[in-house]
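The values are calculated or read from the model by the stated rules, or taken from the named source; none is laboratory data. Predicted model only: the values in this text are computed from it and were never measured. In this analysis, Cβ positions are derived from the backbone assuming ideal geometry, glycine residues included, and neighbour counts consider all displayed protein chains. We work out accessible area using only protein heavy atoms, side chains counted, and drop any ligands, DNA or RNA first. Shrake-Rupley method; radii C 1.70, N 1.55, O 1.52, S 1.80 Å.
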Amino acid sequence: MAKKSIVLFALMALVGAGLWAADKVVLNALFMKQAGFSEEDITAGTKDFMDKNPGIQVNLTFVAYEELEQKILTAAAAGGYDVVLSDGPFTAKFAKGGIVKEIPPLAAADKADIFPGALDACEYLGKYWGMPWINDVRYLFYNKKMLQQAGFKNPPATLDEMIAQAKALKAKKIVEYPIVLPWNQAETLTCDFTTITALFGGAMAKDGKPTLYNDANKKALDWMVAAIKQGLVNPKSITYGEDDINGVFAGGNAAFMFNWTYAYGVTNDPSQSKVVGDVGIAMIPGNGKVKSATVNGGQPLSIASGSKHPNEAWAYILYMTGKDFQRAHPTNSLPIWRSLYDDPNVVKSNPDVVKVAKTQYDYIVNRPKVPYYSAFSSMLQVKIQEALLGRKSADQALKEAQTEGEALAQ
Amino acid sequence: MHRVVPQPARGRGRGGEGDLSEQGFAFLLLSPAALLIVVVVLVPLIITFVYTLTDMNLLSDTKGRFMGLANYGAVLGSSWFWESLGRTLYFTFVSLILEVGLGLLFALLLAGSFPGVGALRALVILPWAIPTNVSGALWKWILHPDYGALNALLSWLGLIKEYQAWLGQPWLAMNMVILADVWKMAPYSAIFFLAALQFINRSLYEAARIDGAGVFRRFRYVTFPHLVPTLLVVVVMRSMEKFKAFDLFYIMTKGGPANGTKVLTYDAYLRGFDNLDYSAAATISYVIAFLVLAFTIVYLRLGRQEDIHD
Amino acid sequence: MTRARGPGARRRGFTVFQCAMGALVLVFVMAPFVWLFISSLSERRDLISVPLHFPPGRMSFARYAAVFGPGGEEIARAFKYALFNSLIVASLVTVIGLVVGALASYAFARLRFALKEKLLYALLFTYMIPPIVIVLPLYVAINALGLLDKKVTLVFLYLSMTIPFIVWVMRNYFGSISRSYEEAALIDGCSRLQTLRYIYVPMARPGLIATGILAFLLSWDEFFFSLIFTSSLAAKTIPVAIAEFTGKNTVDYGMITTGGVIASIPPLLIAIFFQKYIVMGMTGGGNKE
């Protein structure tokens, strides 16, 4: 008798477990390592989400940033992942290629609280294809001590001021090449070009068509070429990436640089920096009517088109991009919500950066939203470098870029 | 293959007599391998071929449409294809010449006898042993524009005034990838040549020496003729491998700078995984496959010739 | 030019020349390795100092401790799992490949059957195909079967690359074993399978070891399929793990070189201790002894 009831009980438990397991929705989420929110942050947040939503289980996968695109492409249509971490430049491509789904409409109050530039990165052809999650832009970093030595109390507010300060620093022999910029032939160059063309009132594409060959862009490229020629921008910038310019700045060999948020931590790290404590962060200087501009390096969370549980995926995305999660983990990525910038937890995580970020985010510029962005960016990098190296005039370089860009747009 | 296998008079074993059971047995033995290859290679190969006949460009408005041979026309008619092919051929031939040349020199040295040659023979294979991805990353590190050991060394020796960006110029980057490939594979070729050298009859050298032939003449009239078969095999085999090269380019240069190292395989990868143009990727892959087929046929013909020579 | 001295002196001069050349070759071959190892031991500060200090100031095995010991950074400890995955996959591929390959190559070497030549060429052709040609449909299929990110998937994929190679090389080995052994055994009443097991395999053992080693090295080296088909510690192999030390903005050369050293140790040990077999495997394909 006892045996029978044990068997019966076991059977019921099994069926119950089966039913319970069958009810549980399993989501697969793809994130990246080494940048943005840390793996610990994401795991903690996910666990919290699962506690609040017992019917959903989320499996996390972390891959190198380089592999992100390839994994999304190979998995998305086939449903290998439900939630994927995308990147701004991918939006147009993924939208057109049917790789990600459109997101459900946002509440108006929410929409108003998100920095418009960040939201804009997820928009294509009037629809939204992801929710902003990692927030990152480039800032002006400056060496406070060097500026003081040259008699400047404040960092430059305009490009002209920056050039003037740089000239003074060079003349006073405080530093040989005052400005160092990440102009390597890689995506980083397109990022800076986005910033600088915006500062001159130009844009690289409009309505999906390239608009490279115009006065504003020419002025921007001319400015870049001249800055190198005058010895104000380190000529090796053409081979430097973001990491390299950190090395130069942290070694005390530059007074100004444009870089992402993470550079603040790196240049203040005693184990690898000689300028700890002298690092200042400010908004990218403006130019003429443009108060400031900075390229968007943020990354959205998207729903994969092959997902079988888009509703649950959206719930997870709402949680991870939501105020609770972002307030709790501001160290590695500042929030997308304007209202959180006065939150004490956020402010105390990095007071200097938060102060600047609050206002810098109003001047976010997005890279061209075209489906052929990768090829476009690669081509543009080559042309810009040719101009920077003096092999072509800025005019010629942009003209060719426009022609080739139009060919890509076919 | 012309000898006749005598049929056993009385066979108690299975499959001992009759052609049919021999065939059956053969197919039995072959089946696991055949099944694996058919499933993993042949079926995808056919599917990819179908891709080359359809519009599989995820960004195109005519996705899914049957295109016939139009994809091939588009690819073969595009200048970027021929440019990539040119780069691939440059890489293949230059690194082949360097690898075979260096390998031959190594082999000639290692065939000699001097103190330490035994240890050297054991050590020389090390570059080949380390995985390609490690050697790629290692060379990328050595060639780093700011922290690289090559810059440090050359500058310390006074050979360069300024640190160079070895992977920063298209043509230079390609040659640096060749350097990395040659460093790793010259020992591999050297081993082939060394084995062949060791088969050459010593007395031939003695005879040549008695006849008054110097080092170079001995090489030209004794060594080289005996090396030719191995040389041919190595050349064709290594060319095939180099034509398919991908890993080094992914790790060291990602096809840049300015497409300077974008070889065919990498071009196919980018078109598929970056531009979402799967049909272009598939088409390029098939062109590569056809060229590889051509190489394979040459390789087999050479192999048959070698059989005849022996 | 001084008058030529006796042949003895010329020989000695030549030996000195050979030694000098040998030293050059040694430097060419070993210098990058040495740098790899030293970099893995150097602190980041020394790695990025310009000009480079050689030897670097401080050296320690800290990174290795992080990988193998407790309490290291998560990304370093994860490398241990990649090493483990690589070992398992390579070993399985070697063992299964040898069994399946030996059976098939025996068939090619000793049996007569229809389409033999054609099948052989087809086999060689599949070995020569670059992976990019078949990766897209493979991905769709593997994903549909739920076999993504599994070691067993990698094993099957790598087998498809190594079996043709094993068959091709072992065919020559089996072919070079005198038929009289087999004939004698068959007359004595052995089945073909028994001759395979008791005659061919033992006699071709050096060849099997050699091809086994080469199969192991091939799997250890493979990068592309692992990159595409694995994503987590469940199946990620060493090449992918090393590639992951390159982050979005920063590149950790210290860990890359450390990973590189660790990844190189098994093949290096194999190359040094089994060199005889490797040479045999590479060149034995054409020899008939």
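Applying Stokes-Einstein at 20 °C and 1.002 mPa s to the Kirkwood radius of the stretch A:23-151, computed over alpha-carbon pairs, gives a translational diffusion coefficient of 126 µm² s⁻¹.
Please report the projected area of chain C's Cα convex hull averaged over all directions, in nm².
Numbers: hull surface 100.7 nm².
Mean shadow area of the hull around the Cα atoms is 25.2 nm².
The apolar share of the surface of the stretch B:215-310, taken as the fraction of accessible area on carbon and sulfur atoms (1.4 Å probe, ligands and nucleic acids excluded), comes to 63 percent. Amide H contacts of A:Val295: A:Arg138, A:Thr195, A:Val365, each under 5 Å away and 5 or more positions distant or on a separate chain (H built 1.01 Å from N in the peptide plane; Pro and chain starts excluded). A simple count of charges around C:Asn85, restricted to other residues whose Cβ falls under 13 Å of its Cβ and scoring Lys, Arg +1 and Asp, Glu -1, yields +2. Here chain B was treated as a single set of alpha-carbon atoms; its pair distances binned every 20 Å from 0 give 23, 46, 27, 4, 0 percent.
Summing charges over neighbours of A:Gly241, with a neighbour being any other residue whose Cβ is under 12 Å away from its Cβ, gives -4 when K and R count +1 and D and E count -1. Quick note on the stretch A:330-410: its Rg to Rh ratio, both from C-alpha atoms and Rh being the Kirkwood radius, is 1.23. Both chains summed, the buried accessible area for B and A stands near 1600 Å², from protein heavy atoms and a 1.4 Å probe.
Placing +1 on each Lys and Arg Cβ and -1 on each Asp and Glu Cβ, with no other charges, gives chain A a dipole about its Cα centre of roughly 460 debye. Since only B:Thr223, B:Phe91, B:Ala137 are under comparison, the one whose Cα sits farthest along the positive direction of the charge dipole of the stretch B:78-307, derived from C-beta charges on Lys, Arg, Asp and Glu, is B:Thr223.
Between B and C, buried accessible area from a 1.4 angstrom probe totals roughly 8600 Å², ignoring ligands, DNA and RNA. For q values of 0.08, 0.09, 0.19 Å⁻¹, compute log₁₀ I(q)/I(0) with the Debye formula on a Cα-only model of the stretch A:244-401, without solvent. Values, matching the q order: -0.36, -0.45, -1.28. Between amide H atoms placed 1.01 Å from N, distances below 5 Å from A:Asn259 occur with A:Tyr139, A:Phe141, all of them 5 or more places distant or on a separate chain.
Note on chain C: Lys pairs 8 or more places apart or on different chains, Cα atoms under 20 Å apart, count 7.
Karplus-based coupling profile of the stretch A:248-258, in residue order and whole Hz: 5, 5, 5, x, x, 10, 7, 9, 9, 7, 9, with θ = phi - 60° in 6.51 cos²θ - 1.76 cosθ + 1.60 and x standing for Gly or Pro. Inter-label distance, B:Ala74 to A:Ala409: 1.9 nm, where each label sits 7 Å from its Cα along the C-beta direction. The contact residues of the stretch A:72-115, meaning those that lose at least 40 Å² of 1.4 Å-probe accessible area when all protein chains sit together rather than their chain alone, are A:Leu73, A:Thr74, A:Lys93, A:Lys96, A:Gly97. Interface burial in the stretch B:254-273 reaches 40 Å² or more for B:Ala258, B:Tyr269, B:Phe273, comparing the full protein assembly with the chain by itself; accessible area from heavy atoms with a 1.4 Å probe. Proximity of backbone amide H atoms, modeled 1.01 Å from N, is registered between A:Gly130 and A:Ile103 at under 5 Å, excluding neighbours fewer than 5 places apart on the same chain. Size descriptor for the stretch A:167-315, Kirkwood hydrodynamic radius: 17.3 Å (Cα pairs only, one decimal). Overall shape: prolate for the stretch B:99-215, with the ratio a/c of the largest to smallest alpha carbon gyration tensor axis at 1.5 or above and a/b above b/c. Within a straight-line Cα-Cα reach of under 18 Å, A:Lys348 can be paired with the following lysines, leaving aside sequence neighbours fewer than 8 residues apart in one chain: A:Lys323, A:Lys358. Rounded to the nearest angstrom and listed largest first, the equivalent-ellipsoid semi-axes of the stretch C:2-47 from its Cα gyration tensor are 41, 8, 6. The spacing between the stretch B:86-160 and the stretch C:29-93, judged by their C-alpha centroids, is 21 Å.
Taking the convex hull of the alpha carbon positions in the protein assembly as shown and averaging its projected area over all directions gives 51.9 nm².
Derived scalar couplings between HN and Hα for the stretch C:164-170 equal x, 5, 4, 4, 4, 6, 5 Hz in order, rounded to whole Hz, by the Karplus curve 6.51 cos²θ - 1.76 cosθ + 1.60 (θ = phi - 60°), x for Gly and Pro.
Chain C packed on chain A takes about 2100 Å² of accessible surface away from a 1.4 Å probe, both sides summed. Sorted from longest to shortest, the spans of the Cα atoms of chain A along the three principal axes equal 98, 50, 36 Å. For the stretch B:134-228, trypsin sites (Lys or Arg not before Pro) are listed when DSSP marks them as loop and at most 12 other Cβ atoms sit within 10 Å of their Cβ; the list is B:Lys161. Taking a ≥ b ≥ c as the square roots of the Cα gyration tensor eigenvalues, with a/c under 1.5 meaning rounded and otherwise prolate when a/b beats b/c, else oblate, which class fits the stretch C:14-130? Oblate, because a/c is 1.5 or more while a/b does not exceed b/c. Rolling a 1.4 Å probe across the protein heavy atoms gives the protein assembly as shown an accessible surface of 43 Å² per residue. Our coupling estimate for the stretch B:78-92, obtained by passing each phi through the Karplus curve with A = 6.51, B = -1.76, C = 1.60 and θ = phi - 60°, is 9, 5, 4, 5, 5, 5, 5, 4, x, 4, 4, 5, 4, 4, 4 Hz, Gly and Pro reported as x.
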